[in-house]
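Please read the structure below before turning to the comments.
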Amino acid sequence: MIIQKTENSRISTFDPNNFSFGNTFIDHMIICEYENGKWGDVKLVPYGPLMFTPAMMGINYGQACFEGMKAYKDKDGQVFLFRPEKNFERINKSAKRLAMPEISEEMFLDGLKALVDIDRDWIPFGEGMSLYIRPLIFATEEALKARVANKYMFAIVATPAKSYYAEPVSVKISDHYSRAANGGVGFAKAAGNYAASFYPTQLAIEEGYEQIIWTDDSTHEYFEESGTMNVFVRINDTIYTPPTSEKILDGVTRDSFIQLAKRRGIEVKVEPVKVKEVIEAQKNGSLKEVWGVGTAVVTTVFQALGYNCEKFPLPRLSDEESYAVMLKNDLVGIQTNLEEDPFGWRVLVDHVLETV
Ligand SMILES: Cc1ncc(COP(=O)(O)O)c(C=O)c1O
């Protein structure tokens, strides 16, 4: 790895109690270029703009995918990643589907660890605090030709993330728009998936909802995901979540929730979730909770479901009664080294660059 440390660190301007998530970037970034059929050296360089023209293929034809993951600091200042191998596997699945070159585990993990290590002072410590990390691959070739590009960049950038209380939200069950289709790219973290979701989400917001529950594109009868999260439904004391498929992103948080629920002896059914059955359960009082899970907020609890122009309120459970809250706490405990990690999910980030 080629390391070029910044000579103008901005860390003295960073106030961990007052910063803007998503707009504050750590001192460094990782970049690596693909050309002539192979990836070059991974470079750790000062964070900053790169030179591209509007003829860059990535922004014209959408060959671009990304990951979202976090690093956490414990009370002793140790820094951990959470299941980074899952993000590595997923970025390559996304790249493959978008006909982009895959990256090696070494490029991904070594780049990640070096970046987090060198900028560990940027990771805020405290409840809900973390560093949000964004690995991405995009086509950089300058050509207006609708074909597979010949040049790419793998990059990793990161922004400190803070605790924010996610208020329960109202979600509209989509009866027209779809996030994914059979044979499409729903399982990939393709940048275009997010672009395509903004307009339907705007419409849902205009109707008084905060998010959409995406349903299957052919019948709109089955739950798929919610916003940019996987979705869980609790009927009585059983948890249901749709199986992952080519239309559903294989979320790291989803998988962790399933394992944590099973460890607690909660019955988990990974099976298609029918909209009509959820609405029926709401009507007969057996629907206890519906929530979304993802790296960014961990859990968003839903307070109402919009379906067929009607709003169906959900019970407001106390933290003690809520499986969503209980499992979130279990997960955060492991992520932040407050709890034992029987699954081996935490990965300590060593001081690899101390001597550089
Ligand atoms: C569409 C979509 N579904 C689900 C998730 C949750 O995945 P993860 O738990 O790996 O963050 C995300 C977030 O990354 C997402 O963008």
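The values are calculated or read from the model by the stated rules, or taken from the named source; none is laboratory data. In this text the structure is predicted, and so the values were computed from the model without any measurement. Please note: Cβ atoms are built from the backbone with ideal geometry, for glycine as well, and neighbour counts cover all protein chains shown. With ligands, DNA and RNA removed, areas are computed over all heavy atoms of the protein, side chains included. Shrake-Rupley method; radii C 1.70, N 1.55, O 1.52, S 1.80 Å.
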Tell me which of Tyr222, Thr336, Ala181 sits at the most positive position along the dipole axis of the chain, charges placed on C-beta atoms (Lys, Arg +1; Asp, Glu -1). Ala181
Compute the accessible area per residue over the chain, keeping the other protein chains in place, probe 1.4 Å, unit Å². 47 Å²
Could you give the size of the charge dipole of the range 221-356 about its Cα centre, using +1 on the Cβ of each K and R and -1 on the Cβ of each D and E, expressed in debye and rounded to the nearest 20? 440 debye
Lys and Arg at +1, Asp and Glu at -1: neighbours of Ala71 with Cβ under 10 Å from its Cβ sum to +2
Rounded, prolate or oblate (a/c below 1.5 giving rounded, otherwise prolate when a/b exceeds b/c) for the range 111-168 by Cα gyration tensor: oblate
For a Förster distance of 25 Å, can you work out the FRET efficiency between the beta-carbons of Gln303 and Lys283, rounded to the nearest 0.05? 0.90
Please report, in debye to the nearest 20, how large the charge dipole of the range 136-260 is about its Cα centre when each Lys and Arg carries +1 at its beta carbon and each Asp and Glu carries -1 there. 520 debye
Degrees, to the nearest 10: 105-118 long Cα axis against longest axis of the chain: 80 degrees
Per-pair calculated FRET efficiency, R0 = 22 Å: Lys38 and Ala146 via Cβ, rounded to 0.05: 0.35
Spin-label point model (7 Å from Cα, Cβ direction): what's the Leu203 to Ala55 distance in nm? 3.7 nm
Compute log10 of I(q)/I(0) for the range 45-87 with the Debye formula, placing one identical point scatterer on every Cα and leaving out solvent, at q = 0.19, 0.27, 0.31 Å⁻¹, to two decimals. -0.84, -0.98, -1.04
For the range 46-83 and the range 327-355, what is the separation of their Cα centres, given in Å? 21 Å
What is the helix-to-structure angle for 84-97, meaning the angle in degrees between its Cα long axis and the longest Cα principal axis of the chain, kept from 0 to 90 and rounded to the nearest 10? 90 degrees
DSSP beta bridges in the range 89-171 [antiparallel fraction, %, rounded to 5]: 100 percent
For the range 183-252: rounded, prolate or oblate by the Cα gyration tensor [a/c cutoff 1.5]: oblate
Extension gain, Glu89 back to Phe14 (0.36 nm per residue minus Cα-Cα distance, nm): 23.7 nm
More than 31 angstrom separation, counting every C-alpha pair in the chain; what % is that? 37 percent
To the nearest 20 debye, what is the magnitude of the charge dipole of the chain about its Cα centre, counting +1 on the Cβ of each Lys and Arg and -1 on the Cβ of each Asp and Glu? 500 debye
For Asn284, net neighbour charge (Lys/Arg +1, Asp/Glu -1) across residues whose Cβ lies under 13 Å away: +1
Relative contact order in percent for the range 1-115 (Cα pairs under 8 Å, 6+ apart) equals 23 percent
Asserting the computed 222 nm helical MRE of the chain (DSSP H runs at least 4 long, -39500 (n - 2.57) per run, divided by residue count, to nearest 500) equals -7500 deg cm²/dmol
Cβ-Cβ cut-off under 10 Å around Ala180, Lys and Arg +1, Asp and Glu -1: the net charge is -3
Given the convex hull of the Cα atoms of the range 154-278, what is a quarter of its surface area in nm²? 9.5 nm²
So, by mean Cβ neighbours within 10 angstrom, what's the order for 69-75, 133-139, 178-184, 46-52 with the highest one leading? 133-139, 69-75, 178-184, 46-52
How large is Rg/Rh for the range 35-106, to two decimals, with Cα atoms and a Kirkwood Rh? 1.03
Grab the alpha carbons of the range 217-356, take their convex hull, and tell me the volume per residue in Å³. 139 Å³
